[in-house]
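J.: Got a structure for you, written out below as structure tokens; questions coming shortly.
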Amino acid sequence: MKIRELARKEIDALWSIDRSEAIDGLYRLEGGELVLTPEHHDVRGWPPGEPEEYGPILLDCFDHGGTFYGAFDAGTLIGAAVLESRFIGAAGDRLQLKFLHVSRAQRGTGLGLALFERAVARARERGARALYISATPSRHTVDFYIRRGCSVTGDVDAALFELEPRDIHLELDIRD
């Protein structure tokens, strides 16, 4: 397996990542606390229209200096992480982890952690105080970020919340 930065022409390949997942619970925020609700969803691939809607957002991110890491196995893209380059937050000191997905067959291998750590390192290099994550509310996703030290943010980005109001908005203090 090899992790490297992606070129702009490779961004469409992100949609080839096998996003399939059996979800057994969803988080929601109540009074600032995470509450897990048992729910079962069998997610098969990307939601209809997601590549068409989110693709231009990713291209814009790339064109404004975003960092795209891709993980490859025998030439096949099996995971990716995208770090936005534009600072957000009241103090303008946070960078958004815009995208982190690992193909189903590679989950649990440490690949998600390796991609996450690359994004954190790049955010530090760029002078960010924190990483901001608008996370899909599934148990697996939120628990992954919580295990990495992320917590529910007290400074929700209004524009990102408007885009994904059901997401769990997290942050990670990345100061050394």
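J.: Looking at (1) over 13 Å from the mean Cα position of the chain (by Cα); (2) under 27 Å from Glu39 (Cα atoms), can you tell me which one Glu171 breaks?
T.: Against the list (1) over 13 Å from the mean Cα position of the chain (by Cα); (2) under 27 Å from Glu39 (Cα atoms), Glu171 comes up short only on (1).
J.: Right, next: Among the residues of the range 141-155, are any surrounded by fewer than 16 Cβ atoms within 10 Å (Cβ to Cβ) and of a type in the set (Phe, Trp, Tyr)?
T.: Here is the first cut: in the range 141-155, the residues surrounded by fewer than 16 Cβ atoms within 10 Å (Cβ to Cβ) are 143, 147, 149, 151, 154-155.
Among the residues that remain, those that are also of a type in the set (Phe, Trp, Tyr) are: none.
Looking through the range 141-155, none of the residues is surrounded by fewer than 16 Cβ atoms within 10 Å (Cβ to Cβ) and of a type in the set (Phe, Trp, Tyr).
J.: Collect the residues in the range 14-44 that are outside any strand (DSSP E or B) and either of a type in the set (S, T, N, Q) or over 16 Å from the mean Cα position of the chain (by Cα) (or both), keeping them in residue-number order.
T.: Ser16, Ser20, Gly31, Gly32, Arg44
J.: Hey, among the residues in the range 123-139 that are basic (Lys, Arg) and part of a loop (DSSP other than H, G, I, E, B), which one's nearest to Gly79 (Cα to Cα)?
T.: From the range 123-139, those basic (Lys, Arg) are 124, 126, 129, 139; that's our starting set.
Of the ones still in play, those that are also part of a loop (DSSP other than H, G, I, E, B) are 126, 129.
Working: Arg126: 23, Arg129: 25 Å.
Looking at residues that are basic (Lys, Arg) and part of a loop (DSSP other than H, G, I, E, B), I get Arg126.
J.: Is it the case that the range 165-175 has a residue that's at pLDDT 95 or above, touching a Gly at 6+ places or on another chain (Cβ under 7 Å) and crowded, with 16+ Cβ neighbours inside 10 Å?
T.: Let us first name the residues in the range 165-175 that are at pLDDT 95 or above, namely 167-174.
Imposing the further condition that a residue be touching a Gly at 6+ places or on another chain (Cβ under 7 Å) reduces the set to 172.
Those still in the list that are crowded, with 16+ Cβ neighbours inside 10 Å too: 172.
Yes, there is a match, as at least one residue in the range 165-175 is at pLDDT 95 or above, touching a Gly at 6+ places or on another chain (Cβ under 7 Å) and crowded, with 16+ Cβ neighbours inside 10 Å.
J.: Hey, any hits in the range 5-22 for a residue that's modelled with pLDDT under 95 and loosely packed, with under 13 Cβ neighbours inside 10 Å?
T.: yes
The values are calculated or read from the model by the stated rules, or taken from the named source; none is laboratory data. Small disclaimer: the values here were computed from a predicted structure and weren't measured. Note that we place each Cβ from the backbone using ideal geometry, even for glycine, and neighbour counts take in every protein chain shown.
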